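Below: the structure, in structure tokens.
The values are calculated or read from the model by the stated rules, or taken from the named source; none is laboratory data. Everything numeric in this text was worked out from a predicted model, so none of it was measured. Backbone-built Cβ (ideal geometry, glycine too); neighbour counts: all protein chains shown.
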Amino acid sequence: MRIAPQRRLVMGKKSTKGTGRIHEPFRVTDGRKLRLSEMSTDDTGRIDDKDVAEDALEDSVKRLAEMQERLYAQDQWGVLLIFQAMDAAGKDGAIKHVMSGVNPQGCQVFSFKAPSAQELDHDFMWRTSRCLPERGRIGIFNRSYYEEVLVVRVHPEFLGGQKLPERLITGDIWKERLEDIATFERYLARQGFAILKFFLHVSRDEQKERFLERLERPEKNWKFSTADVRERGFWEGYMEAYEDAIRRTAAPHAPWYVVPADHKWFARLVVAEAICDTLESLDLRFPTVDAKQKKDLAAAREALLAGS
């Protein structure tokens, strides 16, 4: 597994200095040796203080807003952010907090649940492909085409509703789908789209605590589904499916971030810094004007000043 070397951050109280590379240890660009069982869900050793992390997140949100404005104005790159996780891992909260400063005109969020009858009449990538962001915008997938190699893999009976010719449903179908996904992401990268994929890695014990909180707090009851408890019975199957997906699709142009998610405040900072780092690497700039355009602008200014 190729990841950036880990380094501990030593910071004083309330200081956010040094948090800018906090995402690096969790970046996976070559997943061949990845073992999720060996990766912590509770790794906050790089920041000893929750307040420090929240201050750093606030700084990251401001940086992200500034770069998103340049992204939109330049209108060359597109950005696709994919969030995958077990239930209650904090996807919604991460999206809400990290993207809180972004201009809504430059950001699109799509959530993908069980496919509709119309979606099942198409290939498994169709419903997500039609939601890809335009150049100049950030597209966010809350779940994605990866569901087709995660939940469908854990529940292969769902394949029966996808209207596939029977001879195509072989023991290689998950490998083939992951090959298709990797090829698709390589294609997008070659077309000028930056792709970041986040797996919010929560422990089974922490998920249980969050489910109990949803049951005990009336304002959170609506977020709980009895199906969530049933899916806990397939935990090991999901971990195997996630591990295989990350192994086969992690690449320098489409990295995975396996983010420790037992502490939401830490996970949100890792996500924010990863996005900021990627946007900064794109060398985003506001468009410049040529000599003729400058002359036209000067004429317009004179006309405005001369008028009432």
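See the values below:
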{"quantity": "Number of positions in region 15-41 that are modelled with pLDDT under 95, of a type in the set (Val, Ile, Thr) and under 17 Å from the mean Cα position of the chain (by Cα)", "calculated": "1"}
{"quantity": "Residue that is farthest from residue 199 (Cα to Cα), among those in region 85-104 that are among the β-branched types (Val, Ile, Thr) and either in contact (Cβ under 8 Å) with a residue 60 or more places away in the chain or in a helix (DSSP H, G or I) (or both)", "calculated": "98"}
{"quantity": "Selection within region 249-265 - closer than 13 Å to residue 91 by Cα and part of a helix (DSSP H, G or I)", "calculated": "264, 265"}
{"quantity": "Selection status of residue 283, surrounded by 13 or more Cβ atoms within 10 Å (Cβ to Cβ), in a loop (DSSP other than H, G, I, E, B) and more than 15 Å from the chain's Cα centre (by Cα)", "calculated": "no"}
{"quantity": "So residue 53, is it more than 25 Å from residue 250 (Cβ to Cβ), surrounded by 15 or more Cβ atoms within 10 Å (Cβ to Cβ) and touching a Gly at 6+ places or on another chain (Cβ under 6 Å)", "calculated": "no"}
{"quantity": "Every residue from region 123-137 that is assigned to a loop (DSSP other than H, G, I, E, B), closer than 13 Å to residue 148 by Cα and not aliphatic (A, V, I, L, M)", "calculated": "123, 124"}
{"quantity": "Pair list, Cβ < 7 Å and 6+ apart or interchain, from region 194-205 residues that are assigned to a strand (DSSP E or B) to residues that are among the charged types (D, E, K, R)", "calculated": "195/185; 200/91"}
{"quantity": "Subset of region 146-175 that is of a type in the set (D, E, K, R) and not in a loop (DSSP other than H, G, I, E, B) - its residue that is nearest to residue 239 (Cα to Cα)", "calculated": "153"}
{"quantity": "Residue within region 146-161 that is β-branched (Val, Ile, Thr) and exposed (fewer than 13 other Cβ atoms within 10 Å of the Cβ) present", "calculated": "no"}
{"quantity": "Residue 53, sole failed condition from (1) modelled with pLDDT of 95 or more; (2) of a type in the set (Gly, Ala, Ser); (3) at negative phi", "calculated": "(1)"}
{"quantity": "Scope region 39-62; condition in contact with a Phe, Trp or Tyr (Cβ under 6 Å, 6 or more places away or on another chain) and not in a helix (DSSP H, G or I); matching residues", "calculated": "44"}
{"quantity": "So residue 65, is it in a loop (DSSP other than H, G, I, E, B) and either within 20 Å of residue 141 (Cα to Cα) or modelled with pLDDT under 95 (or both)", "calculated": "no"}
{"quantity": "Residue satisfying condition, being of a type outside the set (Ser, Thr, Tyr) and modelled with pLDDT of 95 or more, within set 114, 85", "calculated": "85"}
